[in-house]
Amino acid sequence: MYWNGGAERLFGYSSADALGNSIDSLIVPPGHVDDLGRYRREALTTGFSTFETARLRKDGSLIFTVVSNKAVYDAEGRAEFVLITQKDVTHLKVLRDAKLVESQYRDLLESTPDAIIMANQTGRIVLANSQAERLFGYERGELLGTLVEVLLPSRYRGGHVAHRSGYFGQPRTRSMGAGLELYGLRKDGSEFPVEISLSPLQTDGGTLVMSAIRDITYRKGIESALQEKNVELERANQAKDRFLASMSHELRTPLNGIIGFAEFLSDGKPGPLNDKQKEYLGDILNSGRHLLHLINDMLDLVKIQAGRVDLALERFSLSEAINEVCTGVHPLAVSKGIDINVTIENGIDFVTLDKPRFKQILFNLLSNALKFTDENGHVGIDVTTVEGGRFRLVVSDDGIGIRAEDIGRLFTEFEQLESGTSRRFGGTGLGLALTRKLVDLHGGEIGVESEFGEGSRFAVILPLAMKGIAT
């Protein structure tokens with residue numbers, strides 16, 4: 001009904017804004033309406049009441065006021081109006097809160113490595129330890145009573161006021177580094193990245209919020225440098241992949257020519273050959289085919305790493321595919337006197353996979369088993385079904401085996417378990433790495449069990465039918 005000039009200056013509302021509105025909705029923050037009603041009833045009952053509370057200004061900021069309610073009576077002694085006077089005591093509240101926390105927490109907070117700021121419900125700073133003063137560039141005691149927003153760049157201040165009000169409505173602990181991109185503002189106007197933790201603190205004077213602030217400029221610099229380095233490494237890696245792919249093609253073209261002419265000569269089409277000539281041509285063919293296999297492995301590995309391999313699914317006979325691979329490694333098996341025993345569980349016939357890639361998986365495992373098994377040893381292939389519409393392919397041998405500490409390195413590109421093995425058996429370390437990636441492309445799993453000196457069991461689990469378009 002009446003709103004004087006002092007109320008306009010204190011709360012920011014003009015008389016025209018205020019008249020006719022409920023004081024509850026105008027200047028009373030959420031959570032304080034009950035207090036207002038209680039003291040109003042006391043004034044109407046006893047004639048007078050007074051209390052200290054928080055009040056909301058038009059700009060959204062909070063202040064502390066001392067409120068006095070006085071009942072105004074009519075001629076018949078009935079309470080007709082309530083005369084409310086309010087005095088801003090925000091600064092006095094800050095001083096009281098500061099004295100309270102200074103006596104209880106100053107020594108403790110001075111011993112912490114982080115900058116510590118404590119603020120009350122109005123957002124005024126009631127304590128800043130020396131680390132905070134140095135971090136933000138202020139003199140001793142200079143921050144006392146200022147709004148915490150002075151420590152934020154201007155672009156964050158408006159949003160922070162609303163955030164602060166919401167925090168006091170539901171105070172909760174927020175740990176350091178909660179995923180927010182935050183910046184602090186020094187007195188000289190310079191900005192720096194920070195991490196902040198928030199903790200509500202209950203005191204005799206009400207709820208305060210304690211903020212631990214950490215300058216992460218150095219860490220951000222390291223992260224930026226690492227990111228730039230990662231970009232450089234990725235570019236270098238892509239250049240390497242392009243180079244390897246290009247070189248692989250360049251190498252395969254003349255190599256195919258060498259193999260083709262060697263086959264042409266070996267077949268005796270230009271004329272008859274003696275035994276020595278046939279032997280030499282056989283060596284050329286074997287070496288050329290081995291080199292072509294290595295180049296193909298490298299090219300496939302590069303393509304998979306670059307995400308340029310698409311599976312061509314088709315329905316095929318599993319037993320026929322296994323026999324084709326066994327035929328391919330037959331010369332090596334015969335030369336070492338090794339029989340390959342194949343066992344396929346009844347009911348497993350046709351599968352839907354990328355047939356060439358499946359054969360490549362089996363070929364790599366089977367050729368390794370033969371290579372690392374001594375003469376007249378044992379190599380087996382066992383196929384069984386497993387739950388979930390999948391099957392398990394196990395290639396076993398009784399060869400040299402693998403040390404337990406070396407198993408984790410098996411599927412890494414260019415890894416050889418020991419130089420002695422590499423010199424004795426040869427190889428580049430590409431085969432198992434490529435095999436794992438081909439298994440992954442099929443959505444499968446690969447694992448190994450081995451005992452050094454006793455042999456190994458490589459197990460691959462693949463779907464009986466991959467989802468997709470089968471040719």
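The values are calculated or read from the model by the stated rules, or taken from the named source; none is laboratory data. Since the model is a prediction, treat every value here as computed from it, not as a measurement. Here the Cβ is made from the backbone with ideal geometry for all residues, glycine too, and neighbour counts use every protein chain on show.
Could you please find all residues in the range 10-50 being within 15 Å of Leu83 (Cβ to Cβ) and aromatic (Phe, Trp, Tyr)?
Hits for the range 10-50 are Tyr39, Phe48.
For the structure I just gave you, tell me whether Gln104 is at pLDDT below 90, in a loop (DSSP other than H, G, I, E, B) and either closer than 27 Å to His32 by Cβ or in contact with a Phe, Trp or Tyr (Cβ under 9 Å, 6 or more places away or on another chain) (or both).
The answer is no for Gln104.
Sort out which residues of the range 361-390 are surrounded by fewer than 14 Cβ atoms within 10 Å (Cβ to Cβ) and either assigned to a loop (DSSP other than H, G, I, E, B) or at pLDDT below 90 (or both), and write them in order of number.
Correct list: Asp374, Glu375, Asn376, Glu387, Gly388, Gly389.
Check Thr65 against each of (1) in contact with a strand residue (DSSP E or B) (Cβ under 7 Å, 6 or more places away or on another chain); (2) part of a helix (DSSP H, G or I) and name the one condition it does not meet.
(2)
Filter the range 108-129 for residues that are free of Cβ contacts under 8 Å to residues at least 60 places away in the same chain and of a type in the set (A, V, I, L, M, F, W, C); which is surrounded by the most Cβ atoms within 10 Å (Cβ to Cβ)? Steps first, answer last, please.
Of the range 108-129, the ones free of Cβ contacts under 8 Å to residues at least 60 places away in the same chain are 108-111, 113, 124-125, 127-129.
Filter once more, so that each one left must be of a type in the set (A, V, I, L, M, F, W, C): 108-109, 125, 127-128.
Details: Leu108: 10, Leu109: 23, Ile125: 24, Leu127: 24, Ala128: 28.
Selected residue: Ala128.
I need the full set of residues from the range 1-47 which are outside any helix (DSSP H, G or I) and either touching a residue at least 24 places away in the same chain (Cβ under 8 Å) or among the polar types (S, T, N, Q) (or both), in order please. Walk me through how you get there before you give the answer.
First, pick out the residues of the range 1-47 that are outside any helix (DSSP H, G or I): 1-4, 12-14, 19-22, 28-32, 47.
The answer is Met1, Asn4, Gly12, Tyr13, Ser14, Asn21, Ser22, Val28, Pro29, Pro30, Gly31, Gly47.
Leu434: touching a Leu at 6+ places or on another chain (Cβ under 6 Å) and at pLDDT below 90, yes or no? Give the steps one after another, and end with the answer.
On the way: touching a Leu at 6+ places or on another chain (Cβ under 6 Å): yes; at pLDDT below 90: yes.
The answer is yes for Leu434.
Taking only pairs six or more apart or across chains, which ones have beta-carbon atoms under 9 Å, a first residue in the range 270-296 that is outside the structural domain of Leu432 (by TED's automatic domain parsing) and basic (Lys, Arg), and a second residue that is assigned to a helix (DSSP H, G or I) and surrounded by 15 or more Cβ atoms within 10 Å (Cβ to Cβ)?
Correct list of pairs: Lys278/Ser266; Arg289/Ile259.
What is the residue count in the range 307-350 for residues that are hydroxyl-bearing (Ser, Thr, Tyr), in a helix (DSSP H, G or I) and either in contact with a Phe, Trp or Tyr (Cβ under 7 Å, 6 or more places away or on another chain) or exposed (fewer than 12 other Cβ atoms within 10 Å of the Cβ) (or both)?
Going through the range 307-350 one residue at a time, the tally reaches 2.
For the range 130-151, check the following and say yes or no: at least one residue is at pLDDT below 90, among the hydrophobic types (A, V, I, L, M, F, W, C) and either loosely packed, with under 13 Cβ neighbours inside 10 Å or outside the structural domain of Thr203 (by TED's automatic domain parsing) (or both).
Scanning the range 130-151 turns up no residue that is at pLDDT below 90, among the hydrophobic types (A, V, I, L, M, F, W, C) and either loosely packed, with under 13 Cβ neighbours inside 10 Å or outside the structural domain of Thr203 (by TED's automatic domain parsing) (or both).
If the requirement is being at pLDDT 85 or above and assigned to a loop (DSSP other than H, G, I, E, B), which of these qualifies: Gly184, Gly221, Gly189?
Values: Gly184 fails: assigned to a loop (DSSP other than H, G, I, E, B); Gly221 fails: assigned to a loop (DSSP other than H, G, I, E, B).
Checking each option against the conditions leaves just Gly189.
Could you list, in sequence order, all residues of the range 191-210 that are touching a residue at least 40 places away in the same chain (Cβ under 8 Å) and among the hydroxyl-bearing types (Ser, Thr, Tyr)?
As a first pass, look at the range 191-210 and keep what is touching a residue at least 40 places away in the same chain (Cβ under 8 Å): 201, 203-210.
Thr203, Thr207, listed by residue number.
Kindly evaluate Lys355 against the criterion of being more than 36 Å from the chain's Cα centre (by Cα), surrounded by 14 or more Cβ atoms within 10 Å (Cβ to Cβ) and charged (D, E, K, R). Working first, answer last.
Details: more than 36 Å from the chain's Cα centre (by Cα): no; surrounded by 14 or more Cβ atoms within 10 Å (Cβ to Cβ): yes; charged (D, E, K, R): yes.
Spelling it out, it is not the case that Lys355 is more than 36 Å from the chain's Cα centre (by Cα), surrounded by 14 or more Cβ atoms within 10 Å (Cβ to Cβ) and charged (D, E, K, R).
Only one of (1) surrounded by fewer than 15 Cβ atoms within 10 Å (Cβ to Cβ); (2) part of a helix (DSSP H, G or I) is not met by Thr50, so which one is it?
(2)
Determine whether Asp275 is of a type outside the set (Phe, Trp, Tyr) and in contact with a Gly (Cβ under 7 Å, 6 or more places away or on another chain).
No, not satisfied.
Conditions tested, residue by residue: (1) surrounded by 15 or more Cβ atoms within 10 Å (Cβ to Cβ); (2) assigned to a helix (DSSP H, G or I).
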{"position": "Tyr156", "(1), (2)": "yes, yes"}
{"position": "Val161", "(1), (2)": "yes, yes"}
{"position": "Arg172", "(1), (2)": "no, no"}
{"position": "Pro193", "(1), (2)": "yes, no"}
{"position": "Ser211", "(1), (2)": "yes, no"}
{"position": "Ala225", "(1), (2)": "no, yes"}
{"position": "Ala236", "(1), (2)": "no, yes"}
{"position": "Phe243", "(1), (2)": "no, yes"}
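What about Gly12, is it at pLDDT 90 or above, surrounded by 13 or more Cβ atoms within 10 Å (Cβ to Cβ) and of a type in the set (Gly, Ala, Ser)? I'd like the intermediate steps shown before the answer.
Numbers: at pLDDT 90 or above: yes; surrounded by 13 or more Cβ atoms within 10 Å (Cβ to Cβ): yes; of a type in the set (Gly, Ala, Ser): yes.
Taking the combined requirement at face value, the residue satisfies it.
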